[in-house]
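Scroll down for the structure; my scribbles are underneath it.
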Amino acid sequence: MKKVSSLKYYKVKCPVCGTPNEFKGIKPKAYVETGRDTDFCPLARDWQDSKHRIKNPLLFLMATCKRCFFTHELNKDLIEWKNHPEFRSPAFVTLKRKHLEEFKQKNGIIKRMSKSLRPCKDPFSTAVIKFLLGIYDESLKPAPSYYNLGRYYLRVGWIFREERKKEESAWIKENLTHQSLGETLKSIQVQHADYLKKMKKLKEEVQFEFESETKSIKDRSDFLIDHIIKELNTLKGSLDQLQHIHQDYQNKPLANMGNDLFRFEDFLFALKMQWHEIPINEKEALELSLANYKKSLTQGLKENQKIRISYLIGELSRRIGDLNSAKEYLDLAINVGQDFIQKNEDDPLKTALAQRILEMAYQQKEVISRGRERVL
Ligand SMILES: [Zn+2]
C-alpha cells in the first residue's frame, strides 16, 4: 500500500506476544481542529496537506497487534514500552496473562471482535472495534484507568455519530436528486397533457374552418392531426413507464438506508451477550463513557482535569436525557472551576482553559433551562 504523508509508521514489538508490528499513526501537526462540538468532538479539521487528508483520524488512535490483537493507545508509552515502568509492573503481567488466556479461546471475545478488523474495506467498524479491544485490555488491569476508559468510550460515541451523520447526509443528497428528477418529469407530463389538449382543440378548429373547403385539404389535415395525436398517446405511455421506474427507484434508498450500520449493530449486540460492556450505538457509548468518567473522579485527577471531566459528565448526561445528573455535574464543573481560577488568578495562561469550560457549563445549563435539551 502506498504510504501517504499524513501518516507516520512506528515499528513496535508487541509487549504481550513479542510480534513485530508496524503501527500507522497520524503525523504530529498533520492537521488542526477548526471546530468542536459541546462534548469536544472535533467538527472540522484543517489538514496541512489537503491531498492527504484522512477521513477519520480516530481510526489510528489505537494500535492493535496483528497476531494477538493486544490493543493500546498509540502513544509514547507504547512506542517506548521497553523503558516504561507500566509494562514491567505486576498489573501488566496480570493483563498479559488474562489477554493470552482469552485470545486462546476459540470463540473468545478477542477472536470474535478481531474478525471485524478491515481498515480499508470498513474503516467505521474497524475504528469502533479497535477502541473496544483497547477498552477490553484496559479493563483486564487490576486497577484500570477509568479516565482512559471514559475517553475511549466517548470516542466510540463520536465514531457512531459521524457515521450516522454521513448516512443521513447521503440519504438527503440522494433524496434531493430524486425530488428534482420527479419535478422535471412532472412538468414534462403537464406540458404533454397541455399539448394533447391543444391538438384536440386544433382538430375541432380545422374541421370547422375547412368545412366548406375541398375534401382533400380537410382529409390531409385530419390525417396529420390524427397522426400527431396518436404519436402523443404513444409518448404518454413512455412517460408513464418512466414515472414507474422513478417511483421504484425512489423507494429503494429508503429501504437500504443504514443497512450497513444496522448489520454492525446486530454484530455488536451478539458480542454484548458475551461481554456486557459493549455499546451498540452512540447513546450506549456515551452512557458507558460517563459511567467511567464518574468513577475517574475518585482516582486522584488533577484539578484542571476534574473541571473538564465534571463538565463532560454533565454534558453527556444532558445528551442522553438525564437532566438531573446534567445539572449536578455542570454545577460541580462551575464550582471546581471558580475555585481553580481564584487560586490561580495571577496566571491567565493556566486559567484560560478553565475559563472556557466554565463558560460552556453556563451555556449548557442555559440550554437545559430553555428546554432545548438534545436527547438521543
Ligand atoms: Zn501481540
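The values are calculated or read from the model by the stated rules, or taken from the named source; none is laboratory data. Everything numeric here is computed off the predicted structure, so don't read it as measured data. When we count neighbours, we look across all protein chains shown, and the Cβ atoms used for this are built from the backbone with ideal geometry, even at glycine.
Quick notes on this structure:
- Residues of the range 49-70 that are in a loop (DSSP other than H, G, I, E, B), among the hydrophobic types (A, V, I, L, M, F, W, C) and within 16 Å of the ligand (Cβ to nearest atom): 65, 68, 69, 70.
- Which numbered condition residue 18 fails, given (1) out of contact with any strand residue (DSSP E or B) (no Cβ under 7 Å at 6 or more places or on another chain); (2) in contact (Cβ under 8 Å) with a residue 40 or more places away in the chain; (3) within 16 Å of the ligand (Cβ to nearest atom): (2)
- Which numbered condition residue 26 fails, given (1) under 24 Å from residue 121 (Cα atoms); (2) in contact with a strand residue (DSSP E or B) (Cβ under 6 Å, 6 or more places away or on another chain); (3) at pLDDT 90 or above: (2)
- Any hit, the range 256-266, residues being modelled with pLDDT of 85 or more, in a helix (DSSP H, G or I) and in contact with a Lys or Arg (Cβ under 9 Å, 6 or more places away or on another chain): no
- Answer from 147, 136 - the residue that is surrounded by 16 or more Cβ atoms within 10 Å (Cβ to Cβ) and within 20 Å of residue 99 (Cβ to Cβ): 136
- Condition check for residue 118: among the basic types (Lys, Arg), in a loop (DSSP other than H, G, I, E, B) and under 23 Å from the mean Cα position of the chain (by Cα): yes
- Leading residue by the ranking (farthest from the ligand (Cβ to nearest atom)) among those in the range 28-48 that are assigned to a loop (DSSP other than H, G, I, E, B) and exposed (fewer than 15 other Cβ atoms within 10 Å of the Cβ): 37
- Single unsatisfied condition, residue 128 versus (1) farther than 30 Å from residue 240 by Cα; (2) modelled with pLDDT under 95: (2)
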